[in-house]
Amino acid sequence: MTDDIELRPLGQTDASAALALYNALTFGPKSHDAEAFRTVLRHPGTTIYGAFEGTGLVAMLTLHLLPNVTWDARPYGLVENVVTTATHRKRGIGKKLMQYAIAQAWAADAFKIMLMTGNKRGAAGFYEAVGFRAEDKTAMVIRRP
């Protein structure tokens, strides 16, 4: 099932495959900017992790580890842009990738990891299966008009 999947941080050479996956994820404008991808890769504390089957990128997510003042100055994680190709869903690859990213955050001594998922996607059950849960917080978003 997922034994032949390699997990690793993405690099600039993965830009075109990553941009294709971003375009499968977003409802917004399409992504074509390899320089924007490079900027994210270079951002301190940010890693884009990918799952590869053979040489093909089949899933990815972004983990931001952010500095913090509270909780003994331990960082917190923010997960964004979680996507698996349509042909590779329901095989445990996304779960394996999420567990890998969670382990990276805990290894960095993060005290929590946050994420938001769109209501349209119906992915809440997926995130609950890897340990996320709605607690006493409310996610709120403001978008630029």
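Aromatic (Phe, Trp, Tyr) and in contact (Cβ under 8 Å) with a residue 60 or more places away in the chain: which single residue out of 76, 100 fits that description?
100
Has segment 57-68 got at least one residue that is among the hydrophobic types (A, V, I, L, M, F, W, C) and at pLDDT below 95?
No - not one qualifying residue is present in segment 57-68.
Kindly check whether there is at least one residue in segment 105-112 that is farther than 21 Å from residue 133 by Cβ, of a type in the set (Gly, Ala, Ser) and assigned to a helix (DSSP H, G or I).
yes
Of the conditions (1) assigned to a helix (DSSP H, G or I); (2) more than 14 Å from the chain's Cα centre (by Cα), residue 102 satisfies every one except a single condition; which number is it?
That leaves (2) as the condition not met.
Taking segment 19-55 only, how many residues are in contact (Cβ under 8 Å) with a residue 40 or more places away in the chain and under 11 Å from residue 83 (Cβ atoms)?
So the answer is 6.
Being touching a strand residue (DSSP E or B) at 6+ places or on another chain (Cβ under 8 Å) and closer than 21 Å to residue 119 by Cβ is the filter; apply it to segment 9-39 and report the residue that is modelled with the highest pLDDT.
Selected residue: 22.
What is the residue count in segment 86-145 for residues that are among the aromatic types (Phe, Trp, Tyr) and either closer than 22 Å to residue 58 by Cβ or in contact with a Gly (Cβ under 7 Å, 6 or more places away or on another chain) (or both)?
Residues in segment 86-145 being among the aromatic types (Phe, Trp, Tyr) and either closer than 22 Å to residue 58 by Cβ or in contact with a Gly (Cβ under 7 Å, 6 or more places away or on another chain) (or both): 4 in total.
Restricting segment 104-117 to residues that are free of Cβ contacts under 8 Å to residues at least 40 places away in the same chain and either over 21 Å from residue 70 (Cα atoms) or in contact with a Ser or Thr (Cβ under 9 Å, 6 or more places away or on another chain) (or both), which is surrounded by the fewest Cβ atoms within 10 Å (Cβ to Cβ)?
That would be 116.
I'm trying to understand the selection: among the residues of segment 104-145, which are of a type in the set (S, T, N, Q) and at pLDDT 85 or above? Before you say what the answer is, go through the steps one by one.
Here is the first cut: in segment 104-145, the ones of a type in the set (S, T, N, Q) are 104, 117, 119, 138.
Within segment 104-145, just 104 meets the criteria.
From 128, 135, grab the single residue that is over 16 Å from the mean Cα position of the chain (by Cα) and among the acidic types (Asp, Glu).
135
Could you check how many residues of segment 28-59 are closer than 14 Å to residue 78 by Cα and outside any loop (DSSP other than H, G, I, E, B)?
5
The values are calculated or read from the model by the stated rules, or taken from the named source; none is laboratory data. Predicted model, so just to flag it, every value in this text is computed and none were measured. Every residue, glycine among them, receives a Cβ derived from its backbone with ideal geometry; neighbour counts consider all protein chains shown.
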